[in-house]
Amino acid sequence: MTTRTLTRPLLAAALCAAMTVGLTSATATAELAPRAPVDGASGIGDPYWPLDGNGGIDVTAYRISNRYALDTKRLSGRTSVELTATQDLASFSLDFLLKVSAVTVDGVEAGFVKTDGGHELRITPAQALLAGSEHTVVVTYADRPGKYAYAGENNWLANKREVVTMNEPHMATWWFPANDHPLDKAIVDVRIRVPKGREVISNGELKGRRTGKTSTTWHWRADEPMVPYLAFFAAGDFTIAKGTRKGLPWLVAVSQGLSEGDQRASMRLMKKTPTVIAGLEKDLGPYPFSVVGGITTSLDPGFALENQTRPTYPAVGGSYTSLVVHELAHQWFGDDIAVQGWRDIWLNEGFATFMEWRWTETHGGRSADAILDSYFDNVDASSDFWKVTVADPGAAKIFDSAIYGRGGMTLQALRNRVGNQDFWKILRTWIREQRGGNGASEEFEELAARVSGEDLGSFFTAWLRTPTKPAETADNGLA
């Protein structure tokens with residue numbers, strides 16, 4: 001009702017009052033009435049990939065039991081998903097690409113169907129799930145993961161002698177059903193059965209091996225919750241080395257599919273892992289997990305990835321210490337502290353890039369400030385490098401070089417702006433306050449201002465939210 005229709009103000013006021021009383025009574029009655037269970041949303045709410053994650057559930061653990069046939073590239077198995085309903089649910093989804101043969105909820109057969117192009121596994125339990133209740137969902141499946149793509153990605157990396165599940169932002173859904181978004185971390189327990197004589201490497205600690213006449217089942221478990229894309233396994237022929245440094249167990253592996261020279265060089269690089277961790281701890285504080293390691297694959301992925309506790313690398317040789325620094329820095333920035341949303345990716349890549357620069361300046365190379373100046377002086381203002389909005393780059397540009405380079409530059413410029421002491425206090429406070437959780441760019445910006453006591457609004461606007469080259473004073477943190 002608008003004021004143009006009120007020809008009698010007193011009558012209108014009385015009617016409004018009566019309507020208010022009626023609405024209040026109706027609202028009270030509605031609140032008392034039981035609400036019908038709903039179908040959980042097919043996405044967690046990230047605008048970059050609307051189908052990633054799911055509404056209405058919070059996963060606490062994945063217990064994965066798979067068999068992988070290297071010769072046929074066929075994966076079969078079942079995953080037990082332990083979850084809590086966060087609302088009354090008539091149905092809910094998990095993200096999964098493979099063909100499913102059965103689903104149970106708490107041991108009772110459940111209905112299921114693939115939706116949204118086959119990415120969503122919509123599950124309808126025999127009885128609705130009540131908000132706050134805990135459940136165990138078991139999904140049984142068998143398929144060839146290599147035939148599937150999602151969001152333009154075909155991420156299964158395998159030949160007939162080796163497989164490794166490494167990719168970002170999506171990988172889990174090619175080998176286990178998941179709530180596939182960084183907002184939902186969970187414990188991951190992995191059992192992989194492969195032909196006898198082959199090795200399996202995964203996250204965390206090797207809990208055991210069981211060998212039969214023709215096959216071996218390898219059991220790995222990580223003690224700390226992780227984001228689904230950080231879970232991985234590799235199977236094939238690997239040389240394994242392990243040890244302990246200052247109480248921290250480490251395990252590294254190198255594919256025997258590489259040439260002998262590449263194997264030796266890769267093993268030298270992998271064995272730098274505990275030394276790099278010790279160096280990073282001097283700046284960042286204690287390593288956030290209970291084990292560490294790395295693995296080099298022969299499959300030539302073209303990139304390295306920060307799988308939690310055990311990053312995966314291509315065969316790049318023993319001189320690429322900076323790559324190990326980058327991936328191990330991610331154990332703090334990206335793994336322990338995951339992004340709130342994919343737009344916050346600079347908090348992963350910019351921080352890991354900056355820690356590469358920091359390693360260089362503390363090991364006889366250029367200072368991080370000199371690297372900042374080099375970028376600023378040598379990259380022309382017309383370059384596409386400056387046209388990316390770092391704090392919200394869009395799905396197509398989350399791994400653009402600007403996210404790495406300008407992300408690292410932002411941190412060094414911040415260091416110049418607030419001073420060395422406050423800068424490292426900011427980073428350590430961020431690690432302490434966000435530990436085991438998620439972080440958004442706005443949260444980091446607020447923390448930096450709080451710790452430093454400075455107004456940093458225009459500074460972060462220039463570096464993170466303006467798709468142009470910052471002013472010349474910005475390389476000294478004066479923007």
* Going by the conditions given, is residue 213 surrounded by fewer than 16 Cβ atoms within 10 Å (Cβ to Cβ), in a strand (DSSP E or B) and out of contact with any His (no Cβ under 9 Å at 6 or more places or on another chain)? -> no
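Please specify each residue of the range 41-62 satisfying the condition of being open to solvent by less than 60 Å² (accessible area, probe 1.4 Å) and not small (Gly, Ala, Ser).
44, 46, 48, 49, 51, 52, 54, 57, 59, 62 - these are the residues of the range 41-62 that are open to solvent by less than 60 Å² (accessible area, probe 1.4 Å) and not small (Gly, Ala, Ser).
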* Has the range 27-40 got at least one residue that is at pLDDT below 50, exposed (fewer than 11 other Cβ atoms within 10 Å of the Cβ) and not aliphatic (A, V, I, L, M)? -> yes
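For (1) assigned to a strand (DSSP E or B); (2) loosely packed, with under 15 Cβ neighbours inside 10 Å; (3) at pLDDT 95 or above, each residue gets a yes or a no:
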{"residue": "122", "(1), (2), (3)": "yes, no, yes"}
{"residue": "126", "(1), (2), (3)": "no, yes, yes"}
{"residue": "135", "(1), (2), (3)": "yes, no, yes"}
{"residue": "138", "(1), (2), (3)": "yes, no, yes"}
{"residue": "141", "(1), (2), (3)": "yes, no, yes"}
{"residue": "146", "(1), (2), (3)": "no, no, yes"}
{"residue": "155", "(1), (2), (3)": "no, no, yes"}
* Which residues, taken from the range 338-370, are surrounded by fewer than 24 Cβ atoms within 10 Å (Cβ to Cβ), farther than 25 Å from residue 268 by Cβ and polar (S, T, N, Q)? -> 340, 367
* Just need a number here: residues in the range 219-247 that are free of Cβ contacts under 8 Å to residues at least 40 places away in the same chain and within 24 Å of the chain's Cα centre (by Cα). => 3
* Structure fact -> Conditions (1) touching a Ser or Thr at 6+ places or on another chain (Cβ under 9 Å); (2) assigned to a helix (DSSP H, G or I) -> residue 261 fails only (1)
* **Search result, residues across the range 378-413 that are among the aliphatic types (A, V, I, L, M), more than 12 Å from residue 351 (Cα to Cα), in contact (Cβ under 8 Å) with a residue 24 or more places away in the chain and in a helix (DSSP H, G or I)** => 395, 413
* To do: Give the residue that is surrounded by the most Cβ atoms within 10 Å (Cβ to Cβ), with candidates limited to residues of the range 375-404 that are closer than 23 Å to residue 449 by Cα and in contact with a Phe, Trp or Tyr (Cβ under 6 Å, 6 or more places away or on another chain).
  => 390
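Got a sec? Which of 52, 95, 116 is charged (D, E, K, R), in contact with a Leu (Cβ under 6 Å, 6 or more places away or on another chain) and closer than 26 Å to residue 339 by Cβ?
Being charged (D, E, K, R), in contact with a Leu (Cβ under 6 Å, 6 or more places away or on another chain) and closer than 26 Å to residue 339 by Cβ holds for just one of 52, 95, 116, which is 116.
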* Asked: Regarding residue 189, is this residue in contact (Cβ under 8 Å) with a residue 40 or more places away in the chain, touching a His at 6+ places or on another chain (Cβ under 7 Å) and open to solvent by less than 50 Å² (accessible area, probe 1.4 Å)?
  -> no
* Asked: Among the residues of the range 160-181, is there at least one that is out of contact with any Gly (no Cβ under 8 Å at 6 or more places or on another chain), part of a strand (DSSP E or B) and open to solvent by 10 Å² or more (accessible area, probe 1.4 Å)?
  -> no
* Taking residue 250 as the residue in question, decide whether it is modelled with pLDDT of 95 or more and open to solvent by less than 30 Å² (accessible area, probe 1.4 Å). => no
* To do: Look through the range 330-368, keep the residues that are β-branched (Val, Ile, Thr) and assigned to a helix (DSSP H, G or I), and return whichever of them is farthest from residue 404 (Cα to Cα).
  => 360
* Would you point out which residue out of 433, 443 is free of Cβ contacts under 8 Å to residues at least 40 places away in the same chain and among the charged types (D, E, K, R)? => 433
* Inter-residue pairs, beta-carbon under 8 Å, first farther than 24 Å from residue 201 by Cα and open to solvent by 10 Å² or more (accessible area, probe 1.4 Å) and in the range 280-299, second assigned to a helix (DSSP H, G or I) and of a type outside the set (A, V, I, L, M, F, W, C), 6+ apart -> 283/358
* To do: State whether the residues of the range 328-337 include one that is open to solvent by 40 Å² or more (accessible area, probe 1.4 Å) and touching a residue at least 24 places away in the same chain (Cβ under 8 Å).
  => no
* To do: Within the range 100-120, track down each residue that is surrounded by fewer than 18 Cβ atoms within 10 Å (Cβ to Cβ) and assigned to a loop (DSSP other than H, G, I, E, B).
  => 106, 107
* Asked: Yes or no: residue 136 touching a residue at least 40 places away in the same chain (Cβ under 8 Å) and in contact with a Leu (Cβ under 9 Å, 6 or more places away or on another chain)?
  -> yes
* Identify the single condition in (1) touching a Lys or Arg at 6+ places or on another chain (Cβ under 8 Å); (2) surrounded by fewer than 17 Cβ atoms within 10 Å (Cβ to Cβ) that residue 208 does not satisfy, given that it satisfies every other one. => (1)
* Asked: Of the residues in the range 300-327, how many are open to solvent by 10 Å² or more (accessible area, probe 1.4 Å) and among the hydrophobic types (A, V, I, L, M, F, W, C)?
  -> 5
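The values are calculated or read from the model by the stated rules, or taken from the named source; none is laboratory data. From a predicted model like this one, the values you see are computed outputs, not experimental measurements. Ideal geometry is used to build each Cβ from the backbone, glycine not excepted, and the neighbour counts take in all protein chains shown. The accessibility values were calculated without ligands, DNA or RNA, using every heavy atom of the protein model including side chains. Shrake-Rupley method; radii C 1.70, N 1.55, O 1.52, S 1.80 Å.
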